[in-house]
Amino acid sequence: MKTLIEHLRVLHHTLRRLLLTPNSTLLNVLIIGIALSLPVGGYVLLKSVQALGAQIAGTPQISMFLATGTGSGDIEHIGDKLKQQAGIKSIEFVSREVALKKLQQSTGLSDVIGGLSQNPLPDAFVVYPGDGSVKALEALRDELKTWQHVEHVQLDSAWIHKLEALLDFGRMAVAILAALLSFALIAITFNTIRLQILTRREEIEVAKLIGATDAFIRRPFLYFGFTQGLLGGIAAWLLVAGSLLLLNHQVGTLTQLYAGNFSLQHLSLADSVTLLGFSAYLGWLGAWFSVSQHLWQIEPR
């Protein structure tokens, strides 16, 4: 209980110090917020592009064509096997007669097709996978190829490869940007804490003279870095949320012209908590590095 009261006292003292220097506090928080909003905005854009790609391309599917002469019993067995297969959400059986009728209706060549002596189309299953990733789709396709009575398995994965390549590039770019800006934010907090330590050098010397431990002296600086980082994360969240509101208004006007339905996705609760936790951790880490480097240099005279 005593330790909790001490931590609350230090936190209260930290908030007072932030409020006593509103200009520098606001500037540091804005710098952190703007820096964090860049990779977070890129992350939100990637999520929206991924959702748009899935919306445009539709549900990925695999067409499994059966060999000529496959009996009804074998077809039923393959259907049951597909239903039990892991990674498959649903299946649809398309008989050769239904396929021929659809071909006649879609091509407009009903006279030509009607003159055929026999139906050249095979029976087929349309498989809807549960996992739409490239690796999962290709693994499922390769497995279905090995099944008995299966003549050909077709997966239209060209658009999936292009989308995955684009998203992988975007993820790498966002990760690099986030790493660089994280180092920059640690450096900002490092320098801020260093100036505070130098400013309070005499106070630290007196505290050490009366027996204060390094942990006791270090605690206010760590809380300062943590709080500053948390406030920077809140600023980043507000910047991203405000930008999304403005952009979605323009996107809504644009999609109406093309009779579409698309909007940029907002940060989820988990993403928001991760952002605030990460920004607070960066502030704490910068303060810890600064205190660890400079505090030991101050000794009572």
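The values are calculated or read from the model by the stated rules, or taken from the named source; none is laboratory data. These numbers come from a predicted model, not from an experiment. Cβ coordinates were reconstructed from backbone atoms using ideal geometry, including for glycine residues, and neighbour counts include every protein chain displayed.
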(request) Only one of these is at pLDDT 70 or above, of a type outside the set (Lys, Arg) and outside any helix (DSSP H, G or I): 238, 231, 245, 267. Name it. (result) 267
(message) Looking only at residues that are in contact with a helix residue (DSSP H, G or I) (Cβ under 6 Å, 6 or more places away or on another chain) and at pLDDT below 80 in the stretch 114-142, which one is surrounded by the most Cβ atoms within 10 Å (Cβ to Cβ)?
(response) 121
(message) For the stretch 208-240: of the residues being of a type in the set (Ser, Thr, Tyr) and surrounded by 19 or more Cβ atoms within 10 Å (Cβ to Cβ), which is nearest to residue 271 (Cα to Cα)?
(response) 227
(request) Quick one: which residue in 181, 163, 155 is at pLDDT 85 or above and either of a type in the set (Gly, Ala, Ser) or crowded, with 16+ Cβ neighbours inside 10 Å (or both)? (result) 181
(message) For the stretch 181-204, give me each residue that is free of Cβ contacts under 8 Å to residues at least 60 places away in the same chain, in a helix (DSSP H, G or I) and over 41 Å from the mean Cα position of the chain (by Cα).
(response) 199, 202, 203
(message) Looking at the structure I just gave you, is residue 45 within 36 Å of the chain's Cα centre (by Cα), assigned to a helix (DSSP H, G or I) and either modelled with pLDDT under 70 or not assigned by TED's automatic domain parsing to the domain that holds residue 138 (or both)?
(response) yes
(request) Check whether at least one residue in the stretch 213-227 is among the small types (Gly, Ala, Ser) and not in a helix (DSSP H, G or I), and report yes or no. (result) no
(message) Would you confirm, using the coordinates I've provided, whether residue 273 is among the aliphatic types (A, V, I, L, M), at pLDDT 90 or above and on the phi < 0 side of the Ramachandran plot?
(response) yes
(request) Return the residue satisfying two criteria in turn: it lies in the stretch 28-52 and is within 25 Å of residue 231 (Cα to Cα) and among the hydroxyl-bearing types (Ser, Thr, Tyr), and of such residues it is surrounded by the fewest Cβ atoms within 10 Å (Cβ to Cβ). (result) 43
